[in-house]
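Below is one structure, written out as structure tokens; comments come after it.
The values are calculated or read from the model by the stated rules, or taken from the named source; none is laboratory data. Computed from a predicted structure; not experimentally measured. Every residue, glycine as well, gets a Cβ built from its backbone with ideal geometry; the counts of neighbours run over all protein chains shown. Ligands, DNA and RNA are stripped out before the accessible areas are found, and what is left, the full protein with its side chains, is counted by its heavy atoms. Shrake-Rupley method; radii C 1.70, N 1.55, O 1.52, S 1.80 Å.
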Amino acid sequence: MSKIEKLNIELDIERVSRIPSVANILEVACEITGMGFAAIARVTENSWVACATNDKIDFGLEVGGALQLETTICNEIMYHHQVVAIDHVDEDPVYKDHHTPKLYGLQSYISVPVILRNGDFFGTLCAIDRVPNQVNNSKVIKTFTLFAELIGFHLDSQDELAESKRVLKIEKRSAETREQFIAMLGHDLRNPVNAISNAVQLQLRSDLDERNKRLAVIIRDATTRTKGLIDNILDFASGRLGGGIKLNYENQLSLDEMIDQVIVELRMAWPDIEITKNIALSSGLRADYKRIAQLLSNVLGNAITHGEKGKPIRVMMNESADGKKLIVSNSGIPIPTHILPHLFKPFSRGKVKPGQEGLGLGLYIAKEIALAHGGAISVESNVEATSFIILLPH
């Protein structure tokens with residue numbers, strides 16, 4: 001036996017030992033047959049090894065004990081996968097001259113194949129004795145077959161659990177690496193983007209001709225958008241790594257002013273897009289207004305990207321019994337129903353048009369900001385409009 005096969009056999013013995021009912025199976029196998037020895041054997045093309053035993057007749061085979069494969073009937077069962085049951089060897093027309101009973105002094109014998117779910121042959125559940133016993137009947141054979149299926153089920157379950165753990169470990173390691181990469185990428189991008197933003201602000205204050213001024217405005221708007229994307233990346237990494245969305249309730253501007261600021265920035269970046277606003281609140285809202293602005297920017301950015309060109313995007317805020325509702329609506333093709341359950345998941349955007357590719361973090365961050373405030377975000381989409389509804393509790 002090679003070192004690899006020996007190691008695999010040792011692992012199989014350990015797997016069988018983890019089956020909680022294995023001792024009871026062997027005990028019952030002896031009781032219902034009257035036999036003095038029962039075992040679960042691992043049978044390969046090169047070896048026969050006992051994985052579990054119940055020895056009442058001093059047969060002398062313990063766990064890990066091996067028999068010469070060619071001296072066993074299990075060697076034949078490995079190929080034909082049939083039950084072999086013998087009441088009295090000396091009177092059996094098939095096995096009275098068989099070398100196995102003669103070699104081990106057996107008079108009664110039963111062996112049932114243990115088959116795994118994928119069809120692989122694992123080994124046998126067998127029982128033997130030096131005196132005759134009634135085993136070749138439907139009651140005993142059905143019981144042994146049921147026990148063999150139970151053993152196979154437990155072995156399959158262990159394999160599936162081990163595979164699940166292996167896959168989970170790989171996915172966890174991959175997720176941690178990805179999120180750490182995203183966090184580092186966000187931090188590394190912020191400095192050069194801030195440098196570009198500061199430089200273009202200085203340029204805009206200087207005396208530029210009309211062409212260079214337009215180019216500077218494009219750069220400024222692009223850096224504003226890039227800063228928003230970096231914020232989303234860092235928020236995503238923070239939330240996924242356990243930090244969560246952090247809130248600061250010390251607001252320098254009013255909620256209305258923060259909403260106006262977002263709309264103005266987006267209008268500058270997309271001058272052809274019409275954004276209307278209707279805010280109707282009778283009382284203030286305890287919230288982190290910068291985060292609400294970030295949420296609104298993400299949802300508005302989604303509406304600009306996917307909404308119908310030439311149709312206005314509406315920003316509304318009103319009150320209900322449940323709290324204050326911030327609603328962003330746009331016209332356009334309804335969101336397909338199969339995409340709706342995945343809309344607020346990271347890295348899940350469904351099919352997008354060319355030029356609209358991205359990480360798909362905007363709506364995920366919007367959802368996390370709403371949740372951090374104790375609120376929620378939902379979407380309603382039909383042929384008339386697609387509306388994102390952010391509920392913020394009183």
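What to note about this one:
- The requirement of being in a helix (DSSP H, G or I), in contact with a Leu (Cβ under 8 Å, 6 or more places away or on another chain), modelled with pLDDT under 90 and over 25 Å from P93 (Cα atoms) is satisfied by E179.
- Scanning the range 130-154 for residues that are in contact (Cβ under 8 Å) with a residue 40 or more places away in the chain, crowded, with 21+ Cβ neighbours inside 10 Å and in contact with a Leu (Cβ under 7 Å, 6 or more places away or on another chain) yields F144, F147, I151.
- M35 in a helix (DSSP H, G or I) and either open to solvent by less than 60 Å² (accessible area, probe 1.4 Å) or touching a residue at least 12 places away in the same chain (Cβ under 8 Å) (or both): no
- Filtering the range 372-384 to residues that are touching a strand residue (DSSP E or B) at 6+ places or on another chain (Cβ under 7 Å) and either in a strand (DSSP E or B) or crowded, with 17+ Cβ neighbours inside 10 Å (or both) leaves H373, G375, A376, I377, S378, V379, E380.
- Answer residue from the range 321-341, given it is touching a Leu at 6+ places or on another chain (Cβ under 8 Å) and closer than 19 Å to L371 by Cβ and is modelled with the lowest pLDDT among those: D322
- The combined condition, being on the phi < 0 side of the Ramachandran plot, part of a helix (DSSP H, G or I) and touching a strand residue (DSSP E or B) at 6+ places or on another chain (Cβ under 9 Å), is fulfilled by V16.
- Tally of residues being in contact with a helix residue (DSSP H, G or I) (Cβ under 8 Å, 6 or more places away or on another chain), of a type in the set (A, V, I, L, M) and within 15 Å of T53 (Cα to Cα) across the range 113-165: 4
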